[in-house]
Each structure stands twice: as structure tokens, then as C-alpha cells.
Amino acid sequence: MKKILISAILILFSTCLFSQNNKQRIFSTNEIYFYGYDFSHFKLAEAKRLNDGYQVKSFFVPWVGYMDANFPHSEISDKMGISLIPRYDVTIKLNELVNASNVVTIFEHLINQDIIFDAIKNYELQEQSGIGFVAIIECFYKATETASVYYVFFDISTREILDSYRFTSTKTGGLGLTSFWGKNLEANFKKYINKYYLSKKRANK
């Protein structure tokens, strides 16, 4: 029993140390490649739009455009205190390949860490090394007016995930699909930075 307890403590310690080192790698670098907004695993949960998948998919570009106009990567860099180098091509191509018939659902859509891992592993990147950062959009859930997003840091050369955090936010206003969910996505990103990212950055300095 004692040996089992000691082994469990050592495993827990190793896991915590590994996680800590990963976060320190994120915060010790001067530049991070930002791969934009990945909608390839996204669903809009809204029953009345169940047959409007092609229309909903057509909003991927306006949603990304909304973010670029209202919360550009330069402002994100300032808030995070890091130089973000935009490399949106990889997610733009993936978003274009999404099957529109599977974009809308009735119930809240959830993805897991295995999906996150596979998504990162399969990115076709020009960069060979460094740290990457991407926002993987999970779901816009109309019943609760909630957006959920995974913010993921990863090692480009090994595709090891250094940090993955799911953040949710609720309606902030706006009329029409572009503004309604665009504002929610903007609020989500800002709250993630203020409530999670900056607190971890202070803890790992």
C-alpha cells in the first residue's frame, strides 16, 4: 500500500512538473505563430437552422473577418504581451473543406482532447519549429447564447500540446449572425486572456 501511494505521488509530481515546464516554454518565448480560427470541428446548435448548413458555413469568413476588424492580432499581441505572427492560411483552408451538411445540430456540441490532438497533429504548416497558437471554435449554442472555444498552444516540431483550455462566454449583443456571434467570439477571446492566460503567465514567471 505504501509503495502504491509513493508511486502515485511521484506520478502526480511528474505530471505537475511536466505541465509547469510546458507553460514556462510558452511564456519564455518572444514570438508565437498564430494560426487563427479553426472551424473544422465547429457546430452551430440551433434547431431552426438545422437545414441551413450551407448558409451557416458561409459565415465562417465573416466571423474571422469580424475578429480581424475588432480584435486584430496586433491588439491580441498587446494584451498577451507577446509578438504574435499571423499564419491564417492553414485554418482558412480547413474551414473551406468543412462539410456544410454537418455544421448545424440541435444540441450543444462538445469535442474532446483527442480531437484537439488530432487536429494539431494534422495541420500542414510551413514552419518547422517554434510555438504555435490557435483558437479551435467548438460550438455556438443558441439556447444559452453561449460560445465555446479551445485555445491551444503547441510545439510546432513535435505537435506536442503545451496548453489547451476551453473557455465559454455568453451573449454580448449584436444583430444578425455575423455580429451576434462575432461579438461573442471577441468577448470570449478577451475574457480568456484576462481570466486565464495572464494569470498563468504571472504564475510562471
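The values are calculated or read from the model by the stated rules, or taken from the named source; none is laboratory data. Computed from a predicted structure; not experimentally measured. Here Cβ is always computed from backbone atoms with ideal geometry, including for glycine, and neighbour counts include all displayed protein chains. Protein only, heavy atoms only, side chains kept; ligands, DNA and RNA dropped before computing areas. Shrake-Rupley method; radii C 1.70, N 1.55, O 1.52, S 1.80 Å.
Any idea what angle helix 60-70 forms with the longest principal axis of the chain, computed on alpha-carbon atoms, 0 to 90 degrees, nearest 10?
With rounding to tens, the tilt is 70 degrees.
Report in % the part of the accessible area of the chain that belongs to carbon and sulfur, leaving out ligands and nucleic acids; probe 1.4 Å.
Answer for the chain is 55 percent, counting heavy atoms of protein chains only.
Under 14 Å from a point 7 Å along the Cα-to-Cβ line of Asn204: which residues of segment 129-170 have their amide N that close?
Taking a point 7 Å out along Cα→Cβ of Asn204, the residues of segment 129-170 whose backbone N falls under 14 Å are 131-134, 151-156, 160-166.
Please give me the summed charge of the neighbours of Lys43: other residues whose Cβ is under 14 Å from its Cβ, Lys and Arg +1, Asp and Glu -1.
Here the charged neighbours net out to -2.
How large is the accessible surface per residue of the chain, computed with a 1.4 Å probe and reported in Å² as a whole number?
That works out to 52 Å² for each residue.
Calculate the dipole size of the chain relative to its Cα centre from +1 charges on Lys and Arg beta carbons and -1 charges on Asp and Glu beta carbons; express the result in debye to the nearest 20.
Rounded to the nearest 20 debye, it is 860 debye.
Positive end of the dipole of the chain, charges at C-beta (+1 Lys, Arg; -1 Asp, Glu), about the Cα centre: which of Leu50, Ser164, Ile137 has its Cα farthest in that direction?
Ranked along the dipole, the leading option is Ser164.
Dipole of the chain (Lys/Arg Cβ +1, Asp/Glu Cβ -1, origin at the Cα centre): which of Asn99, Leu84, Tyr196 lies farthest to the positive side?
Towards the positive end, the residue furthest out is Tyr196.
Hey, quick one: spin label on Lys48, modelled 7 Å out along Cα-Cβ, who in segment 153-190 has an amide N within reach, i.e. under 18 Å?
Output list for this probe position: 171-182.
State the extension gain, in nm to one decimal, for the chain segment bounded by Lys23 and Ala100, taking 0.36 nm per residue of separation less the distance between their alpha-carbons.
Here the segment from Lys23 to Ala100 would lengthen by 24.1 nm.
Among DSSP beta bridges whose residues both lie in the chain, state the antiparallel percentage, nearest 5.
Around 60 percent antiparallel, to the nearest 5.
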